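The block underneath contains the structure these notes are about, expressed in structure tokens.
The values are calculated or read from the model by the stated rules, or taken from the named source; none is laboratory data. Keep in mind it's a predicted model, so treat the numbers as computed, not measured. Please note: Cβ atoms are built from the backbone with ideal geometry, for glycine as well, and neighbour counts cover all protein chains shown.
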């Protein structure tokens, strides 16, 4: 019974969905205000979701129907599963095992893989270009992002999210001790979610909607929801690791929303990067920064410095 | 200046074409079709001017348009207008209607290709040597052999023929991959169709298809009175409506030899400049959006509302201002309006300084504009680009200075030129032009002449022809008007600036990255329509709720704006 409740209502399932829609609203509203627009009303993400659910789903010619319908579900399932391993709402994760950090990162990666496959599955030229770009971008930010999350794990001496979270709560905020890692993790999250300026894979003025161009109804709704959930998970992970851990819902709200405000500001500050610029940025700056951070960390660890 | 130029031209091509000088700034060269190419080649060898437009004139039966002996079936006159400063040199060729064929001059003048394509589609003139290509202006189901600009064209003859919709990629060579953009695409605010063949992210080939919003306005003008045609041409463009009306009006006034009161000319010029401000600010936003910089888009469009409000308060309209009359203007600028314009211009000047700083210093934005889509000066001249696009490539032509019209003679303009040639230069040129606009508007307001707003214009316009060239926000706008002395124009030829800029763009994108295509396309500011809005609404009970009383059905601007804010603010 408890298991079912955890899966369907809290902290999995319904709660995550509701919270992620709320975070989408905050994100959109903040970006709108930064751009001097009015922005959406509070229920707009939910309304969008419902509207897409009831719309006719058009399956284009020449696609593998099983993949076309299955990929959005797989992406959403990956995101929902990942939500179970993080300290959602500041409470202890409902599941956990040694090494669940790595599992969570890979579950989050499923989204991008599914989007890439979804784009490559159709014959649409915009989708194909979008899919290629999404996967290219994946290979550029994924390694630095993972390295940036490993930093706190190494400091804590555990690859279990709940233990890193516990460690973070009892020590100096790791944003102070590992600033480079924090920057890489936050920007990596924006890359993962294809937020501006890393939105080349779905650049509307070039390739309409990228890999998801052919998706119309349910599939699009699931992909979008999955992305919202990833935003929530990513913010939770980064604030648990770098912002002194999450111990209660109040801390959770304050820390994740503060992070969200920063990402919203970053989204409105820059022009879109071309895909070659994104890749260059990650390999020339992101990967190097994350590696330097990690090497310093390991060296200090060997030297026996308490972090 | 032009007199010595003309004698130089006469000396060079006099043996190939008969020279006349109908006015101080114009020279006509009559050549027959066989000698045209040689005459143009010799003429180009002088390095004089650029090809501004090609006009086709149909004269069925009766006397030829050029006074040549009438053939059995009449003649078609073809006019090649070359311009430099205020001077226009026109090569005039006349061909029989039943055997209308001329050589293509696109080998000598590459920018002629699109004009010649238009000539062959609209007037059925066979242009020998014009590279084969797809239709550009008429729709795919237009029947072959029906030419809309011929005088004997009847709409009933345009029966759609069966055609197969082109399949994207059907002509793909093995190993190429074509990305279509348009006719409907988020990067395009107006329909046009581009096919880019790509190798990964690199463009290896490009082609363009125009004509999706061809509305037959040139033909329509022939069936309206001189006054009605004014309102028709104003609707050619939703952004630069006033400049079309101005070009037309100036042309008709020249034909009818009307002397327009100086106050009217000054007001026309002020509206021209306000329109340029609104057009450039609109462009700034769109171009930033194409590069994924939506914050700049939102900000510049917010500020653009200032000038839109000014235009509306002065003229009563946001899009088709209807300021011009034949012989003057319709609306005055009173002391209150002068104050409002000054305040608005002050605010916009301050904002534009900020935008100039952004487009020249913002690191992420410069990564998308610096060195992107560079049209070299040589290429710009070769393909005949005009306006800010050309000035960003070091071409100094600005008709407001080179061939002053309206009140620009009394209020000189300094052309803004950049040698950088890339997308950043196009941003810099347009934003700097804004400062020139602000200065000009202030100066005209300082010295606004008094007097009448308009003089009466005759219903019939004397026989003759006039060329009217003005500097639209996008570049040189060319009008050719011909009257046979009646109440209707015989021919209204319009050559819009965007048409001149396509050739350079299609050539410059090859080798660029796919992601830069929307940026480069936006760089020439292709013309698109903007939405109109109505301020007269039937009130529904709730919508006007906060207003006291209930009799008024007309909302003021403030009411509408307040309603919009309430509606989107979520308070209902």
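Some notes on this structure:
- Positions within the range B:391-406 being closer than 22 Å to residue B:283 by Cα and assigned to a helix (DSSP H, G or I), in sequence order: B:391, B:399, B:400
- Residue tally, condition within 26 Å of residue B:270 (Cβ to Cβ), modelled with pLDDT of 90 or more and either within 14 Å of chain A (Cβ to nearest Cβ) or in a loop (DSSP other than H, G, I, E, B) (or both), over the range B:297-320: 8
- Only a single item in (1) free of Cβ contacts under 8 Å to residues at least 12 places away in the same chain; (2) surrounded by fewer than 19 Cβ atoms within 10 Å (Cβ to Cβ); (3) out of contact with any strand residue (DSSP E or B) (no Cβ under 8 Å at 6 or more places or on another chain); (4) within 14 Å of chain B (Cβ to nearest Cβ) is not met by residue A:205, and it is number (2).
- Summed over the range B:67-86, the residues that are in a strand (DSSP E or B), in contact with a helix residue (DSSP H, G or I) (Cβ under 8 Å, 6 or more places away or on another chain) and either at pLDDT 90 or above or at positive phi (or both) give a count of 3.
- Out of B:315, B:361, sole residue that is crowded, with 18+ Cβ neighbours inside 10 Å and without any contact (Cβ under 8 Å) to a residue 60 or more places away in the chain: B:315
- Residues located in the range B:254-296, provided they are in a helix (DSSP H, G or I), within 10 Å of chain A (Cβ to nearest Cβ) and over 23 Å from the mean Cα position of the chain (by Cα): B:294, B:295, B:296
- Qualifying residue in the range A:6-13 (condition: over 15 Å from residue A:229 (Cα atoms) and over 23 Å from the mean Cα position of the chain (by Cα)): no
- Count of the range B:1-49 residues which are in a strand (DSSP E or B) and more than 28 Å from residue B:222 (Cβ to Cβ): 3
This table checks each residue for (1) touching a helix residue (DSSP H, G or I) at 6+ places or on another chain (Cβ under 9 Å); (2) modelled with pLDDT under 50; (3) not in a loop (DSSP other than H, G, I, E, B).
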| site | (1), (2), (3) |
| --- | --- |
| B:499 | yes, no, yes |
| B:504 | yes, no, yes |
| B:511 | no, no, no |
| B:529 | no, yes, no |
| B:551 | no, yes, no |
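- Qualifying residue in the range B:195-206 (condition: under 15 Å from residue B:135 (Cβ atoms) and modelled with pLDDT of 80 or more): yes
- The set of residues from the range B:373-390 being closer than 16 Å to residue B:510 by Cβ and assigned to a loop (DSSP other than H, G, I, E, B) comprises B:373, B:374, B:375, B:376.
- Test: residue in the range A:248-263 that is in contact with a helix residue (DSSP H, G or I) (Cβ under 7 Å, 6 or more places away or on another chain), at positive phi and in a loop (DSSP other than H, G, I, E, B): no
- Selection from the range A:20-45 of residues that are closer than 21 Å to residue B:303 by Cα, within 9 Å of another protein chain (Cβ to nearest Cβ) and without any contact (Cβ under 8 Å) to a residue 40 or more places away in the chain: A:32, A:36, A:37, A:38, A:39
Yes/no matrix, rows are residues, columns are (1) at pLDDT 90 or above; (2) more than 14 Å from chain A (Cβ to nearest Cβ); (3) surrounded by fewer than 18 Cβ atoms within 10 Å (Cβ to Cβ):
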| position | (1), (2), (3) |
| --- | --- |
| B:329 | yes, yes, no |
| B:339 | yes, yes, yes |
| B:394 | no, yes, no |
| B:400 | yes, yes, no |
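- Verdict on residue A:82 being away from chain B (no Cβ under 14 Å) and surrounded by fewer than 18 Cβ atoms within 10 Å (Cβ to Cβ): no
- Candidate set: the range A:130-166, residues that are buried (at least 20 other Cβ atoms within 10 Å of the Cβ) and over 22 Å from the mean Cα position of the chain (by Cα); chosen: the one nearest to the other protein chains (Cβ to nearest Cβ): A:155
Per-residue answers, yes or no, for (1) in contact (Cβ under 8 Å) with a residue 12 or more places away in the chain; (2) part of a helix (DSSP H, G or I):
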{"residue": "A:266", "(1), (2)": "yes, yes"}
{"residue": "A:277", "(1), (2)": "no, yes"}
{"residue": "A:280", "(1), (2)": "no, yes"}
{"residue": "A:297", "(1), (2)": "yes, yes"}
{"residue": "A:305", "(1), (2)": "no, no"}
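- Top-ranked residue of the range B:177-216 - restricted to ones that are closer than 21 Å to residue B:114 by Cα and in contact with a helix residue (DSSP H, G or I) (Cβ under 6 Å, 6 or more places away or on another chain), ranked as nearest to the other protein chains (Cβ to nearest Cβ): B:206
- So residue B:443, is it at pLDDT 85 or above, more than 29 Å from residue B:341 (Cα to Cα) and more than 14 Å from every other protein chain (Cβ to nearest Cβ): no
- All told, residue B:381 falls short of being closer than 17 Å to residue B:82 by Cβ and free of Cβ contacts under 8 Å to residues at least 60 places away in the same chain.
- Residues being touching a residue at least 12 places away in the same chain (Cβ under 8 Å), surrounded by fewer than 17 Cβ atoms within 10 Å (Cβ to Cβ) and farther than 24 Å from residue B:185 by Cβ are entirely absent from the range B:295-305.
- One residue alone among B:566, B:561, B:538 is under 25 Å from residue B:280 (Cα atoms), modelled with pLDDT under 80 and out of contact with any helix residue (DSSP H, G or I) (no Cβ under 6 Å at 6 or more places or on another chain), and that residue is B:561.
- For the range B:472-479, the condition holds for at least one residue, the condition being that it is outside any strand (DSSP E or B), under 15 Å from the mean Cα position of the chain (by Cα), farther than 30 Å from residue A:202 by Cβ and more than 14 Å from chain A (Cβ to nearest Cβ).
- In this structure, residue B:251 does not satisfy being surrounded by 23 or more Cβ atoms within 10 Å (Cβ to Cβ) and within 14 Å of chain A (Cβ to nearest Cβ).
- Of the criteria (1) crowded, with 19+ Cβ neighbours inside 10 Å; (2) modelled with pLDDT under 90; (3) within 14 Å of chain B (Cβ to nearest Cβ), which one residue A:12 fails: (3)
- Take the conditions (1) over 17 Å from residue A:278 (Cβ atoms); (2) crowded, with 24+ Cβ neighbours inside 10 Å; (3) more than 14 Å from chain B (Cβ to nearest Cβ); residue A:110 misses just one of them, which is (2).
- Residue among A:41, A:98, A:33 that alone is more than 17 Å from the chain's Cα centre (by Cα) and part of a helix (DSSP H, G or I): A:33
- Count - residues of the range B:39-66 that are modelled with pLDDT of 55 or more and closer than 16 Å to residue B:99 by Cα: 6
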